[in-house]
Amino acid sequence: MSTRTVYLETYGCQMNAADSDLIVGLFAREGYVRTDDAAGADVMLINTCAVRDHAEQRVIGRLGELKRHKRPGDVVGVVGCMAQRLGPTLLEQAPHVDVVVGPDGYRSLPALVAGARDGQRTADVEFRSWEHYEDVEPATEGASAFVTVQRGCNYRCTFCVVPMTRGSERSRNLADVVGEVRRLAARGVTEVTLLGQTVNSYNDGAADFADLLRAVGAVPGIRRMRFTSPHPNDFSDRVIAAMAQVPAMCEHVHLPMQSGSSRTLKRMLRRYTREGYLECVGRLRQAVPGIALTTDIIVGFPGETEQDFADTVSLVEDVGFDDAYTFRYSPRDGTPATRLTDAVPDDVAGERLERIIARARQLARAKNLGLVGSTHEVLVEGRAKRGGLQARTRTNKIVLVEGNEDLVGNYMDVRLTGTTGSTFSGVPTRSGLELSVVG
Ligand code: SF4
């Protein structure tokens, strides 16, 4: 019998990307190999996001397309946060979908797929707070890997569906995380990104996030360490000290801000004020000079006035982010914010989104122009879409460099020679080239 193949398409955050590696690892144990081609795959899975309606609509569209590739005996499944949110109703809405599995049920996926071949259609959306998939080896490739250290979220931001789709917060044991990082390092991984919904609230009962940073940063072979996404309230002095002192810790933090208006932040239940956010930024910048900061912003949250929006723009200006991911508020069924009755009209929210995008881009561009001419260590990640290589600085800036594929996975020093405003072009310095040869 020929080898069975699994096709997996991933939407949403890095947590989903890490879960997809885990799912491929689970299927590999059953003898499956991953394929990039949906047509001809024995199993077609979509790992979904539920954070915005737009993401869910895209999945519905993709499911329609996958239906065309489904031959007798093939299995189509929906996994992830949208699967958790909709559960069995997804089976009713899409008759060609065989399995629907939430983030805590991936262990049973191969068995459910086997059952689907016998005509069983199943939804598994049970929360299993103990599930960390400790014995599953994720199918990671290359020099960089995601490592999930925490699942679920105990915050209850009023706009957010995540606590409903991923359950309560729980952390893996520090020793288990370090063990996984050691195995990754033995396979040639040199950069790890620690993942959690509010990753810096990590606590396994004995060790906190500061301990985790020090332990992972000390694993031989790990040259770069990142984490995402933190909550501003969980940057204790201990965590910030560890960030400043662990050499592998990269000088970049993605620090979700959501709004610059204390009034809106309160209605979002973000649990910090504008001033509190700024104070956090100040502490990070003081401890880690030159740290790059990126953020998430929601505009058009219910009740957002023109003054609230102006506060958001001014906070973006005050902080001077390196990049900002901006979104229009998207109501999600079952979240507390849907009970707020003072919705912002669509056209107003759309216009605010355009304004914040333009301002954030302008500021990022000015900041990036100031970096042209400076030299940075980059990790070469792969081929760039338009030829050449794509590399990344410790501060998370993307740099396009000339070179052949042998350099992928290597570090080198490059001088930034230009910027589009967001990405850079660069040339290896003489010493950088020497570095790249020794890897
Ligand atoms: S901290 Fe807030 S926005 Fe982030 S996952 Fe938890 S509830 Fe959602």
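The values are calculated or read from the model by the stated rules, or taken from the named source; none is laboratory data. Small disclaimer: the values here were computed from a predicted structure and weren't measured. Cβ placement follows ideal geometry from the backbone for every residue including glycine, while neighbour counts extend to all protein chains displayed.
Quick check, is VAL100 more than 30 Å from THR190 (Cβ to Cβ), modelled with pLDDT of 95 or more and in contact with a His (Cβ under 9 Å, 6 or more places away or on another chain)? Working first, answer last.
Working: more than 30 Å from THR190 (Cβ to Cβ): yes; modelled with pLDDT of 95 or more: yes; in contact with a His (Cβ under 9 Å, 6 or more places away or on another chain): no.
Considered against the rule, which asks whether it is more than 30 Å from THR190 (Cβ to Cβ), modelled with pLDDT of 95 or more and in contact with a His (Cβ under 9 Å, 6 or more places away or on another chain), VAL100 comes out as no.
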Of those in region 222-253 that are within 17 Å of the chain's Cα centre (by Cα) and among the hydroxyl-bearing types (Ser, Thr, Tyr), the residue surrounded by the fewest Cβ atoms within 10 Å (Cβ to Cβ) is SER229
Output for Cβ contacts, cut-off 6 Å, separation at least six or different chains, first residue within 14 Å of ASP308 (Cα to Cα) in region 344-368, second buried (at least 16 other Cβ atoms within 10 Å of the Cβ) and of a type in the set (Lys, Arg), reads ALA349/ARG328; LEU353/ARG328
If we keep only residues of region 337-354 that are farther than 19 Å from ARG263 by Cα and of a type in the set (Asp, Glu), then the residue surrounded by the fewest Cβ atoms within 10 Å (Cβ to Cβ) is ASP347
If we keep only residues of region 390-405 that are outside any loop (DSSP other than H, G, I, E, B) and modelled with pLDDT of 95 or more, then the residue surrounded by the fewest Cβ atoms within 10 Å (Cβ to Cβ) is ILE398
Result of the Cβ filter at 6 Å on region 320-339, keeping first residues that are under 24 Å from ARG355 (Cβ atoms) and partners that are loosely packed, with under 14 Cβ neighbours inside 10 Å, at least 6 apart or interchain, is SER330/ASP53
Q. Does region 87-105 contain any residue that is more than 16 Å from the ligand (Cβ to nearest atom), in a strand (DSSP E or B) and of a type in the set (Gly, Ala, Ser)?
A. no
With criteria (1) buried (at least 20 other Cβ atoms within 10 Å of the Cβ); (2) within 16 Å of the ligand (Cβ to nearest atom); (3) β-branched (Val, Ile, Thr), VAL113 comes up short on (2)
Output for Cβ contacts, cut-off 8 Å, separation at least six or different chains, first residue in the same structural domain as PRO232 (by TED's automatic domain parsing) and away from the ligand (no atom under 15 Å from the Cβ) in region 267-278, second polar (S, T, N, Q) and assigned to a helix (DSSP H, G or I), reads THR273/SER262; ARG274/SER262; GLU275/SER262
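Looking at SER262, SER236, SER229, can you tell me which residue is within 16 Å of the ligand (Cβ to nearest atom) and among the polar types (S, T, N, Q)? Can you show your working first?
Working: SER262 fails: within 16 Å of the ligand (Cβ to nearest atom); SER236 fails: within 16 Å of the ligand (Cβ to nearest atom).
Among SER262, SER236, SER229, only SER229 is within 16 Å of the ligand (Cβ to nearest atom) and among the polar types (S, T, N, Q).
Please specify each residue of region 173-221 satisfying the condition of being in a loop (DSSP other than H, G, I, E, B) and either buried (at least 22 other Cβ atoms within 10 Å of the Cβ) or within 16 Å of the ligand (Cβ to nearest atom) (or both).
VAL189, GLY196, GLN197, THR198, TYR202
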In region 135-168, anything closer than 17 Å to ASP234 by Cβ, in contact with a helix residue (DSSP H, G or I) (Cβ under 7 Å, 6 or more places away or on another chain) and part of a loop (DSSP other than H, G, I, E, B) is listed as VAL149, GLY152, CYS153, ARG156, CYS157
Per the list (1) out of contact with any helix residue (DSSP H, G or I) (no Cβ under 9 Å at 6 or more places or on another chain); (2) surrounded by 22 or more Cβ atoms within 10 Å (Cβ to Cβ), residue check on GLY119 breaks on (2)
A careful count of residues in region 141-169 that are within 8 Å of the ligand (Cβ to nearest atom), farther than 23 Å from VAL79 by Cβ and hydrophobic (A, V, I, L, M, F, W, C) gives 2
ARG58 passes all but one of the listed conditions (1) crowded, with 19+ Cβ neighbours inside 10 Å; (2) under 19 Å from the mean Cα position of the chain (by Cα); the exception is number (1)
